[in-house]
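Colleague: There's a structure below that I have some questions on.
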Amino acid sequence: MSQTSETREQAIERVKALLNERELYAYNHFCSGQLPPIAPSLNAKMFGLFLQGRTCEEIRRLNQAITLGQIVAARIEGDWDRRRSEHLDRLLTETSLRVQQSTLETANFVCDLLAVADKEHGDKLRLYLQTGDKKDLGEFKIDSIFNLKQTIEVLQKLTGQERQ
């Protein structure tokens with residue numbers, strides 16, 4: 001159950017919309033019977049399966065000695081649905097931050113590569129612009145319509161104009 005003091009009735013009402021008819025029936029049967037709740041260690045292992053998207057019925061098939069009612073009770077009393085939601089929210093946030101960091105690091109790396117290319121070949125290109133002598137140009141040149149198109153596309157992407 002959640003951190004506030006919540007009765008079983010309040011917990012079942014809160015998660016009722018999340019349970020199917022079979023799970024609700026099994027839980028009600030569990031509450032009226034004499035079966036004990038599952039051990040905390042097993043509860044934690046089953047919650048791990050629930051985090052992976054397994055249903056209570058799938059968890060039951062893997063644990064034949066446990067009733068569906070006991071598993072649903074563990075789900076309700078362990079607040080599995082809220083905990084899974086919080087876990088997914090945390091994963092999305094952390095993943096988003098990591099993607100942003102990786103993107104910025106990769107952009108920084110590409111900028112360094114471009115700076116190296118400019119340092120290595122930029123003077124040759126500028127010298128060629130001054131002299132017009134092809135031997136000053138080296139290997140960097142546009143010698144086909146395909147190379148011209150590629151160069152224009154790279155420039156458009158770098159300046160954000162490919163979206164226009």
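Each reported figure results from applying straightforward, stated rules to the coordinates on display, with no laboratory input. Model, not experiment: these values are computed from the prediction. Ideal geometry is used to build each Cβ from the backbone, glycine not excepted, and the neighbour counts take in all protein chains shown.
Colleague: If you put +1 on each Lys and Arg Cβ and -1 on each Asp and Glu Cβ, how big is the dipole of the chain around its Cα centre, in Debye rounded to 20?
Modeller: Value, rounded to 20: 300 debye.
Colleague: Here is a follow-up. What does the charge dipole of the range 8-78 about its Cα centre add up to, to the nearest 20 debye, if the Cβ of each Lys and Arg holds +1 and the Cβ of each Asp and Glu holds -1?
Modeller: 160
Colleague: Another question, if that's okay. Below 8 Å, C-alpha to C-alpha, sequence gap of six or more: please give me the relative contact order for the chain in percent.
Modeller: Relative contact order for the chain comes out at 20 percent.
Colleague: In addition: Note the full-extension length gain between LYS124 and THR159 as 0.36 nm times their separation in residues minus their Cα-Cα distance, in nm to one decimal.
Modeller: 10.2 nm
Colleague: Of ILE142, LEU51, SER32, whose Cα points farthest to the positive end of the dipole of the chain (charges on the beta-carbon: +1 Lys, Arg; -1 Asp, Glu; origin at the Cα centre)?
Modeller: Looking along the dipole axis, the top candidate is SER32.
Colleague: If I model a spin label as a point 7 Å beyond the Cα along the Cα-Cβ vector, how far apart are those points for GLU9 and ALA65 in nm?
Modeller: 3.5
Colleague: Follow-up question, since we're still on this one. Given R₀ = 30 Å, FRET efficiency for GLN52-THR103 by Cβ-Cβ distance, to 0.05? It would help to have the intermediate numbers written out before the result.
Modeller: Values: r = 28 Å, r/R0 = 0.94.
Using R0 = 30 Å, I get an efficiency of 0.60.
Colleague: For the range 23-66 and the range 80-143, write down the distance between their C-alpha centroids in whole Å.
Modeller: Distance between centres, Cα-based: 50 Å.
Colleague: All other residues with a Cβ under 9 Å from the Cβ of GLU23 taken together, and with Lys, Arg as +1 and Asp, Glu as -1, what is their net charge? Before the final figure, lay out the partial values.
Modeller: Numbers: positive: ARG22, ARG75; negative: GLU21, GLU57.
Net charge in that neighbourhood comes out at 0.
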